[in-house]
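Engineer: Provided herewith is a single structure, encoded as structure tokens, for subsequent inquiry.
Please treat every number below as a calculation from the coordinates, not as lab data. Computed from a predicted structure; not experimentally measured. Glycine gets a Cβ as well: all are built from the backbone with ideal geometry, and neighbour counts include every protein chain shown.
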Amino acid sequence: MSTSHQTILLVDDEAVPRRQMGAVLRHAGYGIIESRDYGEATAIFQRRSEEIDMLLVDVSLPGNNGYELAKTALAHKPGVRVLLMSGPTGAEVCRFYGMPATDVHFLEKPFRAVDLLARVKYLLESAEPFTGSASA
């Protein structure tokens, strides 16, 4: 399947990992829009939601958290794919925000490029969308 028409909003406040993930995904043929925080990502999504197929979002963001960004995006565009990511403490953060493990697609940092690509492809092609139904 060609990825040339699929666009990912990549949100991570750490510039180096964000650029590295963006480069890997661009090389695989995805369109990438990068953002560094909750406010910027929300504004981008509101302006460009029609072209965005997926959010790849760090759980911990300046301004709010990735889960809230996902819920906001889903309210605006139901069915958009969401992959949350975080370091080893991410699972604890998810529980803190009231996110059931069955309600999110999550990738623990650090991860290999091949794992990122496999998960993105899976979510865009076949997975159930993130529902965002957990109450915070």
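Engineer: 5 Å is the cut-off here: which amide hydrogens, built 1.01 Å from N in the peptide plane, fall below it relative to K109, excluding neighbours closer than 5 in sequence?
Structural biologist: Here the answer is S86, G87, since their amide H atoms fall under 5 Å of that of K109.
Engineer: Over all distinct Cα pairs, what is the inverse of the mean 1/r for the range 12-125, reported as the Kirkwood hydrodynamic radius in Å?
Structural biologist: In the range 12-125 this quantity evaluates to 14.2 Å.
Engineer: Please arrange I32, I52 by counting, for each residue, the other beta carbons lying within 10 Å of its beta carbon, fewest first.
Structural biologist: By the 10 Å Cβ count, ascending: I32, I52.
Engineer: Rounded to the nearest 5, what % of DSSP beta bridges with both residues in the range 12-125 are antiparallel?
Structural biologist: Once the DSSP bridges in the range 12-125 are tallied, antiparallel ones form about 20 percent.
Engineer: In nm, to one decimal, how far is the modelled label at S126 from the one at A28, with both set 7 Å along Cα→Cβ?
Structural biologist: 1.5
Engineer: Still on this structure, please answer the following. Between beta-carbons, use under 10 Å as the cut-off and find the net charge around H5, counting Lys and Arg +1, Asp and Glu -1.
Structural biologist: Neighbour charge sum, excluding H5 itself: -2.
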